[in-house]
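Okay, structure first, notes after.
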Amino acid sequence: MPNNESRSALPDGSKFVSPQGTRAIKGGIRPNALSGLPDAGRKPPWLRVGLPAGARYQDIRQIVDTHRLNTVCAESKCPNIAECWSRGTATLMLMGSVCTRACRFCSVSTGNPHGWLDPLEPARVAHAVALMKLDYVVLTSVDRDDLADGGAAHYAACIRAIHQRSPATALEALTPDFGGQLDAVATVLDAGLATYAQNLETVERFTHPVRDPRAGYAQTLAILAFAKRHAPATLTKTSLMLGLGETDEEIDRTLDDLRRAEVDVVTLGQYLRPSPHHLPVQRFVTPEQFLRYRELALGKGFLEAVAGPLVRSSYRAERVLERNNLGL
């Protein structure tokens, strides 16, 4: 269960008022002893990327801005934003940009939306997806512990609206854990998905303090296992950040746990510190090491493993279906 600390205990030096009037904290974390640990230092050359550019990137950016869409690509400062948008893949963030949780790796703002939802969002998102002519869309969201179902019904409404406007577009839902409510997971799955994802984020030893106290290693595994049982034809997927201090043995054990939960796809990427108040980077994993982790995962029976310094949970998401002839 979460502790009883009020969100008002968060530092207020960077507060802002969201469009819905919700007071929130940018970055959403409390300073703590772990924040003060030494960082691994300057980023190595393989983590440097150019500024976003390209005609299709600019077109999608304009549509996103015009239709007031939140994208995790922008909110999480993803380094792959130009590549993915130029390839016809985008990750849209539902239910606003204020999260009720405060994970210590995440740059998304935290606060309490007080039950606010935009009833027009399903239609607006579906219209924007049709305009962008996307082949593959990842729907994700902030955590919404202020809603009884965690926002599952809203997810399902958005999925159905996109299906109606763009029936050829494949959909992935990268959801919150809904507080462990399996009926909420079923609501999302029953709306029709190519892929269902819930991120484990890190090895068991670092689940706390990396993730909010309301998240859990076993809880995420249980959600992924249920998703495969409930919708066997839907791919299940999760993501791990590396560089927080985990060992090779812990990575190996985590991959075994995921396979026992019948997870089909795993992505592994480098954790990058969003600000000095977030957890420090303990090591920069080399591209060669990421290749070895990918081979390790494939050897354990994952349908696909995508691993690399700049890989994020929805990076090249459409290629899993392409490579395995699963309908894209």
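The values are calculated or read from the model by the stated rules, or taken from the named source; none is laboratory data. Just so you know, these numbers come straight off a predicted model, no measurement behind them. All Cβ positions, glycine included, derive from the backbone under ideal geometry; neighbour counts span all protein chains shown.
Note on segment 74-111: residues that are at pLDDT 90 or above and in contact with a Ser or Thr (Cβ under 6 Å, 6 or more places away or on another chain) amount to 5. Across segment 199-222, the number of residues qualifying as out of contact with any helix residue (DSSP H, G or I) (no Cβ under 7 Å at 6 or more places or on another chain) and of a type in the set (Phe, Trp, Tyr) comes to 1.
Sub-7 Å Cβ pairs linking a first residue in segment 173-193 that is more than 10 Å from ASP149 (Cβ to Cβ) to a second residue that is surrounded by fewer than 20 Cβ atoms within 10 Å (Cβ to Cβ) and of a type in the set (Lys, Arg), at least 6 apart or interchain, are ALA191/ARG160, ordered by first then second residue. Put simply, of VAL138, VAL142, VAL125, VAL185 the only residue that is β-branched (Val, Ile, Thr) and modelled with pLDDT of 95 or more is VAL185.
On inspection, ALA184 does not qualify as among the hydrophobic types (A, V, I, L, M, F, W, C) and more than 19 Å from the chain's Cα centre (by Cα).
Taken over segment 134-157, the residue count meeting the criterion of being closer than 14 Å to LEU117 by Cα, part of a loop (DSSP other than H, G, I, E, B) and either aliphatic (A, V, I, L, M) or touching a residue at least 60 places away in the same chain (Cβ under 8 Å) (or both) is 5. With a requirement of 2 or more residues that are touching a strand residue (DSSP E or B) at 6+ places or on another chain (Cβ under 7 Å) and crowded, with 19+ Cβ neighbours inside 10 Å, the helices (runs of 4 or more DSSP H) lying completely within segment 158-275 that satisfy it span 182-189, 217-230, 248-260. Confirm whether ALA126 is among the hydrophobic types (A, V, I, L, M, F, W, C), touching a helix residue (DSSP H, G or I) at 6+ places or on another chain (Cβ under 8 Å), part of a helix (DSSP H, G or I) and under 25 Å from ILE162 (Cβ atoms). In short, yes. Listed by first and then second residue, the pairs with beta-carbon distance under 8 Å, at least 6 apart or on different chains, first residue in segment 278-300 and of a type in the set (D, E, K, R), second part of a helix (DSSP H, G or I), are LYS300/LEU255; LYS300/ASP256; LYS300/ARG259. Test LEU279 against the criterion of being in a loop (DSSP other than H, G, I, E, B) and in contact with a helix residue (DSSP H, G or I) (Cβ under 6 Å, 6 or more places away or on another chain), and give yes or no. So LEU279 fits the description; yes. Among the residues of segment 92-134, the ones that are within 20 Å of the chain's Cα centre (by Cα) and not hydrophobic (A, V, I, L, M, F, W, C) come to 13 in all.
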